[in-house]
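What follows is a set of notes on a single structure, which appears directly below.
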């Protein structure tokens, strides 16, 4: 039979019209390459679950998106990831919240679904479970991007809240400034 | 937040969503993404898969992803029963949407009703919905959203709203 795939990204407070042509092109190219990965899985008879995981891994690795690398920061300067996956055929589902080191949160959610008796694991326990399943771990600085950090600092200063110290191991100031995803997902997660 | 809904060659549906959450979040705040039935849901029996991105608190309260699947199942099972309600919703959708609404009526009704409910609560965001027949549907009530779709019968496309 045929296959079909749809992907989406969060919203930003910046209208599309205010994107520079380069930024617009960067987003479209990123979405396009993610679609190609998913289309490749499905066209070769792969499962919908595999396509979902493969596409989201691509988007988690892309610093343009608020997921995985390039995610926004908490008020105390950390990055905490949430993810969920669900299999329509069996109603099996897996979800994680508050991960800080697992490189692909969507894979942790899938491991919860397939390799644990639970549906939802959070925080340190979820991280320990992901590690026990052999999922790749990275230093939290891997997820750092200059633009998100600057977005946090601006936001906290605007709200009169204390600004946390720059995370340990974060690239030198400005090193990641080139990665300037335009859509500031301050609006929501 | 990023999300995917997919239908494979065996007719299996799946949904997934991943996020860094809300910038500046405190106290361990979690939004709708990891809450099954709020930001992520898939059911072959009901015939659709949903991934949401939005102001999570509202998507949790309105159980958006689960409701869209339930509404879709209802619309495809009892299309005539809801005629007056459906007509009211179709009448309220913008003219340019009429053709797609009638053409894809159950998924349009299900998704637009849910996003309207989120809006009435004061929330913003959007969903992507995949039906068992491979129909991809996008519904949103805010700007700055980026979308993409591909299938075995149509070329891939991306859009930023």
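The values are calculated or read from the model by the stated rules, or taken from the named source; none is laboratory data. Please read all numbers here as calculations on a predicted model, not as lab measurements. Cβ placement follows ideal geometry from the backbone for every residue including glycine, while neighbour counts extend to all protein chains displayed.
Can you confirm whether the range A:151-160 contains a residue that is in contact (Cβ under 8 Å) with a residue 40 or more places away in the chain and out of contact with any strand residue (DSSP E or B) (no Cβ under 9 Å at 6 or more places or on another chain)? If you could, list the steps in order and put the result at the bottom.
Our first condition is that a residue be in contact (Cβ under 8 Å) with a residue 40 or more places away in the chain; within the range A:151-160, this holds for A:151-152, A:156.
When the remaining residues are screened for being out of contact with any strand residue (DSSP E or B) (no Cβ under 9 Å at 6 or more places or on another chain), the result is A:151, A:156.
Yes, the range A:151-160 contains a residue that is in contact (Cβ under 8 Å) with a residue 40 or more places away in the chain and out of contact with any strand residue (DSSP E or B) (no Cβ under 9 Å at 6 or more places or on another chain).
Only one residue in A:152, A:161 is modelled with pLDDT of 85 or more and surrounded by fewer than 19 Cβ atoms within 10 Å (Cβ to Cβ), so which one is that? Steps first, answer last, please.
Numbers: A:152 fails: surrounded by fewer than 19 Cβ atoms within 10 Å (Cβ to Cβ).
So the residue among A:152, A:161 that is modelled with pLDDT of 85 or more and surrounded by fewer than 19 Cβ atoms within 10 Å (Cβ to Cβ) is A:161.
Sort through B:43, B:18 and tell me the only one that's over 23 Å from residue A:30 (Cβ atoms) and buried (at least 23 other Cβ atoms within 10 Å of the Cβ). Before you say what the answer is, go through the steps one by one.
Working: B:18 fails: over 23 Å from residue A:30 (Cβ atoms).
From the options B:43, B:18, the qualifying one is B:43.
Would you check which residues across the range B:104-161 are assigned to a loop (DSSP other than H, G, I, E, B) and in contact with a helix residue (DSSP H, G or I) (Cβ under 8 Å, 6 or more places away or on another chain) and list them? So that I can check it myself, show each step before the final result.
Filtering the range B:104-161 down to residues assigned to a loop (DSSP other than H, G, I, E, B) leaves B:104, B:122-124, B:132-135, B:141-145, B:152-156, B:161.
Matches in the range B:104-161: B:122, B:123, B:124, B:135, B:141, B:143, B:144, B:152, B:156, B:161.
How many residues are surrounded by 24 or more Cβ atoms within 10 Å (Cβ to Cβ) and more than 20 Å from residue B:94 (Cα to Cα) when one looks only at the range B:130-143?
Matching residues across the range B:130-143 total 1.
Wholly within the range A:57-137, which strands (runs of 3 or more DSSP E) include no fewer than the required count, namely at least 3 residues that are buried (at least 23 other Cβ atoms within 10 Å of the Cβ) and in contact with a helix residue (DSSP H, G or I) (Cβ under 7 Å, 6 or more places away or on another chain)?
It comes to A:81-87, A:92-99.
Can you go through B:61, B:29 and tell me which one is farther than 22 Å from residue A:6 by Cβ, within 9 Å of chain A (Cβ to nearest Cβ) and at pLDDT 95 or above? Steps first, answer last, please.
Numbers: B:61 fails: within 9 Å of chain A (Cβ to nearest Cβ).
The unique qualifying residue is B:29.
Can you tell me which residue among A:168, A:173 is modelled with pLDDT under 80 and either over 30 Å from residue B:118 (Cα atoms) or in contact with a strand residue (DSSP E or B) (Cβ under 6 Å, 6 or more places away or on another chain) (or both)? Outline the logic, then answer.
Values: A:168 fails: modelled with pLDDT under 80.
After applying the criteria, what remains is A:173.
Which of the residues belonging to the range B:1-26 are under 20 Å from residue A:123 (Cβ atoms) and either within 13 Å of the chain's Cα centre (by Cα) or more than 7 Å from chain A (Cβ to nearest Cβ) (or both)?
B:17
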